1. Enter the mean projected area of the convex hull around the alpha-carbon atoms of the stretch 3-161, in nm², rounded to one decimal.
2. For the chain, set up a GNM with springs between Cα atoms under 10 Å and report which of 143, 109, 97 has the largest fluctuation.
3. Can you tell me the convex hull volume per residue for the stretch 1-71, based on C-alpha atoms, in Å³ to the nearest whole number?
4. Give the separation of the Cα centroids, the stretch 55-75 to the stretch 97-162, in Å.
5. Measure off 7 Å from each Cα along the Cα-to-Cβ vector at residue 68 and residue 12, then give the distance between these two points in nanometres to one decimal.
6. Once you've got the GNM for the chain with C-alpha springs shorter than 10 Å, pick whichever of 38, 55, 20 has the biggest mean-square fluctuation.
7. Using Cα pairs under 8 angstrom and six or more residues apart, how large is the relative contact order of the stretch 3-161, in percent?
8. Each label point is 7 Å from the Cα along the Cα-to-Cβ direction; what then is the distance between the points at residue 57 and residue 144, in nm?
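None of the figures in this text is laboratory data; all of them are computed from the coordinates on show. This one's a predicted model, so the numbers in the text were calculated from it and none came from an experiment. Here the Cβ positions follow ideal geometry from the backbone for every residue, glycine too, while neighbour counts run over all protein chains shown.
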């Protein structure tokens, strides 16, 4: 997968949102705004992309998205409960219809036996459905892990909600 593949996903998401009048937001950690960049690369995205949150630190996750300190302390930033709270917090803060959140370990360091490099959690929220999360393990260097994470997030958003 390359930048053209990501752009095509962004274009398809934009077309679907334009047709339904829906708006999307994202809350990103390890991808550092790459989902937002991919979506806003599409001309006319201001009509359906609400805003993006880049929340690398735990403090940012709490302040901007309402992730509880107790959730971060108990589970760590790269976890199911945290990405669910991130997605729901982004959905509320942005007044959007759909939200995707990402928190992971892109490397080259930061991994552990429990959470090796390439571990990425995703959260998805929609105003009309229960939120859900997904754990993925990606291979490759930092850029490859991040690119795969962006692709997975966009593809899942498209296939699930749009």
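1. Numbers: hull surface 33.5 nm².
So the mean shadow area of the Cα hull is 8.4 nm².
2. Highest fluctuation among the options: 109.
3. Details: hull volume 6.8 nm³, N = 71.
Per-residue hull volume (Cα only) is 96 Å³.
4. After rounding, the separation between the Cα centres reads 17 Å.
5. Placing both labels 7 Å beyond Cα along the Cβ direction yields 3.7 nm.
6. Result: 20 has the largest fluctuation of those listed.
7. Working: 314 pairs, mean separation 36.7, N = 159.
Worked out over the stretch 3-161, it gives 23 percent.
8. Distance between the two pseudo-spin positions: 3.3 nm.
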